[in-house]
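The values are calculated or read from the model by the stated rules, or taken from the named source; none is laboratory data. Quick caveat, the model's predicted, so the values are computed rather than measured. Here the Cβ positions follow ideal geometry from the backbone for every residue, glycine too, while neighbour counts run over all protein chains shown.
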Ligand SMILES: Nc1ncnc2c1ncn2[C@@H]1O[C@H](COP(=O)(O)OP(=O)(O)OP(=O)(O)O)[C@@H](O)[C@H]1O
Ligand SMILES: [Mg+2]
């Protein structure tokens, strides 16, 4: 299968601090990839560079056969990249339904309708928003505002909002942190189900049980560099990876 | 209510207000009415940028005065030009400046954007003060015709009708925005710009739409001013009162709905008039300022927010 996402030599600095250096990553259409690494290793920064929230100083990101350099974040979202924010960034003055409505209005319905892509008709948007909230278990709070949510529920809202954009590639940045065992299982099932519908998934997670269950391939970042990439069971036995985790 | 019935309702209300004015028959009522309706337009215009997208524009007087001075210039060039055409041209000039300001400043966030708009007001005031054709620092006289065209009666009635018409257009636009994708996009920008981008909202384009519309409507609000005051100089055209009121009225009435600036303008404009008649107009800025601070601290959702039912 062909590469959906290609990251080539991406580097990012914050002042003098090197957050990412020479990152290469290839994600094939339909894959489920896990991305792990100790705190501060640059995982979220990489997501931000891929999605256009931050600009990488070096390297290239290609997506679905197109170079993304210079494209604003909203243009990347319309091309089929969607992400959740690790620190939730809900639209605070809108209800949950309205939060999810934004990507439907501005991404799904802003794409050209045609074969393989249909718009959500105006009178069906509300129902679609409620379905999406239902998928992450937020039905009961659909008409509340984000301030009525717990941190954990806000992460679920992040996931629903990313799903609403009907992406080709979904990047879930630690959506499971703090969830109960049963809830983690639900989100795992959800990600696998979405993947079954043809959505490629990158999952960033510290919960190793979920990482091992979801990932078909695992990449490891340590201090802004990729130190391993391959079969999950082999990667977690890799001495360098073990050292990085135990050494911190 | 859908858009068309809403506009019809606005027109009916506007006609009723004008009818009441005619029945009272005092020119004072029209002079007062003009000021209040002008502030509804100005406050609503400010709110399209400040309330909906959250970008606080301190440079209100720049846009307002561009409208007013455009009319002075047109009056000198083509004295016979009908007032509504002058309003359109003044609005177009201010809209262009709004678009330009947007391009130059919208990469600035929060208070830095506000400071840039404040600087814009100073720059525009300096330019106009040094532009002799429109009177420069000395000011310019505009002869107000005795009689109103079309409707008859004193000219101030015509000024009032033009401002009422403008008010209908501005309120209909504001309400249409609230209910459209544009309104959702604006709200997303106000709440979190990075998240809005990630959700597909073209934030820069939407912000330019907001600065252009907001600036244009402020310019339109200012365009009839020279005929109202008949003598316009930079001190009055760039009066602090306009900026303070345009910001205070939406904040007091509530920034989340088109109704907020209307309530704020009627309340604060009315109160200022009572004080002007009983004490002096020197207290105007003070009244608006104190009320604004009180509302920002005690009722940040404004008066509209007090009546909105909280979801269970
Ligand atoms: N905007 C920023 N400005 C300065 N430094 C930053 C910024 N964003 C991230 N960093 C730094 O870059 C490094 C990588 O951060 P990042 O958030 O990408 O790590 P992470 O792998 O996602 O960690 P975690 O597992 O805790 O989420 C950290 O040291 C962080 O402090
Ligand atoms: Mg992170």
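At a glance:
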read-out: Residue A:111, sole failed condition from (1) in contact with a strand residue (DSSP E or B) (Cβ under 7 Å, 6 or more places away or on another chain); (2) at pLDDT 95 or above; (3) not in a helix (DSSP H, G or I); value: (2)
read-out: Some residue of region A:166-174 being in contact with a helix residue (DSSP H, G or I) (Cβ under 8 Å, 6 or more places away or on another chain), assigned to a strand (DSSP E or B), more than 16 Å from ligand 1 (Cβ to nearest atom) and modelled with pLDDT of 95 or more; value: yes
read-out: Selection from region A:165-186 of residues that are away from chain B (no Cβ under 14 Å) and within 15 Å of residue A:88 (Cβ to Cβ); value: A:174, A:175, A:176, A:177, A:178, A:179
read-out: Within region A:185-208, considering residues that are touching a helix residue (DSSP H, G or I) at 6+ places or on another chain (Cβ under 7 Å) and touching a residue at least 40 places away in the same chain (Cβ under 8 Å), the one nearest to ligand 2 (Cβ to nearest atom); value: A:204
read-out: Within region A:12-25, considering residues that are touching a residue at least 60 places away in the same chain (Cβ under 8 Å) and either within 23 Å of residue A:199 (Cβ to Cβ) or out of contact with any helix residue (DSSP H, G or I) (no Cβ under 9 Å at 6 or more places or on another chain) (or both), the one surrounded by the most Cβ atoms within 10 Å (Cβ to Cβ); value: A:23
read-out: Condition check for residue A:46: within 12 Å of ligand 1 (Cβ to nearest atom), in a strand (DSSP E or B), under 14 Å from the mean Cα position of the chain (by Cα) and assigned by TED's automatic domain parsing to the domain that holds residue A:173; value: no
read-out: Answer residue from region A:26-55, given it is away from chain B (no Cβ under 14 Å) and away from ligand 2 (no atom under 16 Å from the Cβ) and is surrounded by the most Cβ atoms within 10 Å (Cβ to Cβ) among those; value: A:27
read-out: Hits in region A:131-164 - residues which are away from every other protein chain (no Cβ under 14 Å) and closer than 15 Å to residue A:86 by Cα; value: A:150, A:151, A:152, A:153, A:156
read-out: Filter result for the condition that a residue is within 16 Å of ligand 2 (Cβ to nearest atom) and surrounded by fewer than 23 Cβ atoms within 10 Å (Cβ to Cβ), over A:172, A:219, A:177, A:182; value: A:177
read-out: Meets criteria (surrounded by fewer than 19 Cβ atoms within 10 Å (Cβ to Cβ), at pLDDT below 90 and more than 16 Å from ligand 2 (Cβ to nearest atom)) for residue A:246; value: yes
read-out: Any chance residue A:220 is within 19 Å of the chain's Cα centre (by Cα) and either in a helix (DSSP H, G or I) or within 16 Å of ligand 1 (Cβ to nearest atom) (or both); value: yes
read-out: The one condition in (1) in a helix (DSSP H, G or I); (2) more than 9 Å from chain B (Cβ to nearest Cβ) that residue A:101 fails to fulfil; value: (2)
read-out: Criterion (surrounded by 17 or more Cβ atoms within 10 Å (Cβ to Cβ) and under 19 Å from residue B:145 (Cβ atoms)) met by exactly one of B:90, B:67; value: B:90
read-out: Filter result for the condition that a residue is assigned to a helix (DSSP H, G or I) and within 14 Å of another protein chain (Cβ to nearest Cβ), over B:264, B:219, B:305; value: B:305
read-out: Qualifying residue in region A:49-64 (condition: more than 16 Å from ligand 1 (Cβ to nearest atom), over 26 Å from residue A:211 (Cβ atoms) and touching a helix residue (DSSP H, G or I) at 6+ places or on another chain (Cβ under 6 Å)); value: no
read-out: Search result, residues across region B:210-236 that are surrounded by fewer than 21 Cβ atoms within 10 Å (Cβ to Cβ) and on the phi < 0 side of the Ramachandran plot; value: B:228, B:229, B:231, B:233, B:235, B:236
read-out: Boolean, residue B:165 is without any contact (Cβ under 8 Å) to a residue 60 or more places away in the chain, more than 22 Å from residue B:107 (Cα to Cα) and away from chain A (no Cβ under 14 Å); value: no
read-out: Subset of region A:20-43 [at positive phi and within 16 Å of ligand 1 (Cβ to nearest atom)]; value: A:22, A:37, A:40, A:42
read-out: Region A:75-87 residues that are more than 18 Å from residue A:27 (Cα to Cα) and at the interface with chain B (Cβ under 8 Å from one of its Cβ atoms), paired with ones that are at pLDDT below 95 and part of a loop (DSSP other than H, G, I, E, B) (beta carbon under 7 Å, 6 or more apart); value: A:78/A:110; A:78/A:111
read-out: Selection from region B:142-156 of residues that are closer than 27 Å to residue B:62 by Cα and surrounded by 13 or more Cβ atoms within 10 Å (Cβ to Cβ); value: B:142, B:144, B:155, B:156
read-out: Qualifying residues in region A:57-97 (those that are in a loop (DSSP other than H, G, I, E, B) and within 16 Å of ligand 2 (Cβ to nearest atom)) - the one surrounded by the fewest Cβ atoms within 10 Å (Cβ to Cβ); value: A:87
read-out: Test: residue B:171 is at pLDDT 95 or above, part of a helix (DSSP H, G or I) and surrounded by fewer than 21 Cβ atoms within 10 Å (Cβ to Cβ); value: no
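A quick yes/no check of all residues on (1) at pLDDT 90 or above; (2) more than 14 Å from chain A (Cβ to nearest Cβ); (3) in a helix (DSSP H, G or I):
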residue: B:211; (1), (2), (3): yes, yes, yes
residue: B:228; (1), (2), (3): yes, yes, yes
residue: B:256; (1), (2), (3): no, no, no
residue: B:274; (1), (2), (3): no, yes, yes
residue: B:289; (1), (2), (3): no, yes, yes
